[in-house]
Amino acid sequence: MAAQRAYTTHPLVLRRVTVRRVEEVTPRMRRVVLGGEDLAAFTRDGVGHPGFAAPGFDDHIKLILAADGDVRAALPAQLPHGIEWTPAAHRLTRDYTPRRVDLVAGELHLDFVVHGEGPAESWSAAAREGDELWFVGPKSSLRLPERLDWIQLVGDETALPAIGRFLDERPLDVPAHVLVTLSDDAARQDLALREGDTVAWVLAEPGDAAALESAVRALPVPAGEGYVWAAAESRALLPVRRYLQRERKLPKDRLNITGYWHREEPAAPEAKAMADAAPGPAGIPSPLPWLVARAALQLGVVDAAADTPGLSADALAIRLGVPGPGIAALLPLLAAYDVVVDADGSGLRLGAGGAELLDDHEREEYTGHEAELLLALAHLAPALRDGTSPWRLASGATLHDTVADDAERYGELVEECEQLVFLLTGLTADPLWEDVGTCLLTGPGSASMAAALDDAGRRPRLRIAEEGVPAEVLREHVPAPDRIDWTGGPADVAVAAKALAYRTDEEAVRLLTRLAEWTGTAVLVEASRPDGLSPHAAEAALHAFTATGSPLRDSAALAVLAERSGWRVERTVALGWGAEAAVLRRA
């Protein structure tokens, strides 16, 4: 049975507002009240956009600022249905939760921690009536489960806007149990508590993981079905997530934990010395720290140190079933990189680096699909000479053949495609759907495409042209799997959602040729250019080459593949974030 989607998507619109007034909520929190015509439905460059909507208590919008002060040059391009983040060297973006939305008054309230650091806090400190601010979003709103007996709201000062909004608007009529860590008692706020609610204020330094975890463990666990929402410094939340998932055993649909900010910590002296010694020519960093962290995760060192702090090196070796000399060779490097430390001789404990590796998303960078692609780059030079993919040289098979038999790997591809649902509005609004009775889906983005059609009110009969492992994985992710025909066959339109991103050119041609047997109209949803907002944009072409033997396929490259398989590109629909949909007609 597939889990219900936990969010509602919204159109992505670039909006301009101006400061109406500034209020001091507490000595630690400043409220900037914004207003403007862009909060209502408006038209820009001949394209109409819907009014601002942020119905969720923890929705967040992306503020757009500029390090050089030239905000106009930092703005993304507004598409008819989405945003394209064009390159902008001085762009700065920060996510903030609307504290209050009053569409009748045409106002949006944002709260800023006064003694925080960063460009958004600096902007709020200097904000004066009439100053402009540009923002995008929100892209989605959290859907809380309908049947709950209680909710716990946990956070630091940065979470107070979301917590305060929840208590004001009460999206659930259940008791709310609030825990907030403060670095200063002056940060306390009046909250709209009701009978049955509780609140605990805990003094702690910003980002103090131990204090936050201790306070969460001290919370009583109410009877019945509950939900825990938590937001604070990202690393401080790692032990909280671990406690809630592993000890309280809360399922994923009863838990929402979000890192609102990230504290920068100076590197340990040993780690700095190691890093200074490691770079190669022109300061190119060594891969050694990455490989050491990967080994620590694969062997279970990080989990063992988290679950049983104080283990000796010998006890660790026995627990993991690894010969003592091998652990002895690894531990000095783990200590140098602050993964596992034994500072006072009391046994091994996680360092700051190790604590970060408790996060599932962080782990994937070292042990998941992306990590395997990175390791394949050891074969980059011969792959470039031979005109094949590094993955194929490293594994002896194409990436498509590999993931088609591996549920975990294909599942990672499907999860990577979950972000697609925020970009597909431009495609689902396209006139091509007006006469579509049956839609055939293929590729790891099929679940997102099905969800996007639902969001748009499109209800064609759905078929999914995947078999074996991919079909099994998609059943767990697609909404309402029982209403889908899980066999390929004739359809009015076929959508290949990220289906080419892990296929070689030859495999892509075979897929497109197969689709031509079933339909006269096909749509290819692919990333055709780097995402201008990503810090890894420069790596996109190499990443694609590693997987498929072809660089990131732009419109021209897709047109060549289409022509080879009996199609022609009729037009393309820009989706934003570097993605586009190419509409094909059978030639």
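The values are calculated or read from the model by the stated rules, or taken from the named source; none is laboratory data. Just so we're clear, the structure is a prediction, and the values are computed from it rather than from any experiment. Heads up, the Cβs are rebuilt from the backbone with ideal geometry, glycines too, and the neighbour counts pull from every protein chain shown.
Filter segment 510-528 down to residues that are closer than 16 Å to Q419 by Cβ and of a type outside the set (D, E) and give me whichever is surrounded by the most Cβ atoms within 10 Å (Cβ to Cβ). It would help to see each step written out before you state the result.
First pass over segment 510-528, keeping only residues closer than 16 Å to Q419 by Cβ: 525-528.
Okay, now just the ones that are also of a type outside the set (D, E), so 525, 527-528.
Details: V525: 28, A527: 22, S528: 21.
The residue in question is V525.
This table checks each residue for (1) closer than 23 Å to V240 by Cβ; (2) modelled with pLDDT of 90 or more.
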position	(1), (2)
A304	yes, yes
P309	yes, no
I318	no, yes
G324	no, no
A329	no, yes
L333	no, yes
V339	yes, yes
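Quick test for you: out of L424, L393, L377, pick the one residue that is surrounded by fewer than 20 Cβ atoms within 10 Å (Cβ to Cβ), in contact (Cβ under 8 Å) with a residue 40 or more places away in the chain and hydrophobic (A, V, I, L, M, F, W, C). Break it down into steps so the answer makes sense when it comes.
Numbers: L424 fails: surrounded by fewer than 20 Cβ atoms within 10 Å (Cβ to Cβ); L393 fails: in contact (Cβ under 8 Å) with a residue 40 or more places away in the chain.
From the options L424, L393, L377, the qualifying one is L377.
Can you name every residue in segment 224-260 that is more than 16 Å from L172 (Cα to Cα) and charged (D, E, K, R)?
Residues satisfying the conditions are E233, R235, R241, R242, R246, E247, R248, K249, K252.
So, of the residues in segment 449-497 that are closer than 27 Å to L399 by Cβ and of a type in the set (D, E, K, R), which turns out to be surrounded by the fewest Cβ atoms within 10 Å (Cβ to Cβ)?
E467
Show me the helices (runs of 4 or more DSSP H) entirely contained within segment 67-184 in which 1 or more residues are buried (at least 19 other Cβ atoms within 10 Å of the Cβ) and in the same structural domain as P27 (by TED's automatic domain parsing). Spell out the reasoning first.
Numbers: elements: 71-74, 119-126, 160-169.
Counting at least 1 such residues, we get 71-74, 119-126.
So A429 clears everything in (1) in contact (Cβ under 8 Å) with a residue 60 or more places away in the chain; (2) more than 19 Å from V569 (Cβ to Cβ); (3) out of contact with any His (no Cβ under 7 Å at 6 or more places or on another chain); (4) not charged (D, E, K, R) except one condition, right? Which one?
Of (1) in contact (Cβ under 8 Å) with a residue 60 or more places away in the chain; (2) more than 19 Å from V569 (Cβ to Cβ); (3) out of contact with any His (no Cβ under 7 Å at 6 or more places or on another chain); (4) not charged (D, E, K, R), only one is false for A429: (3).
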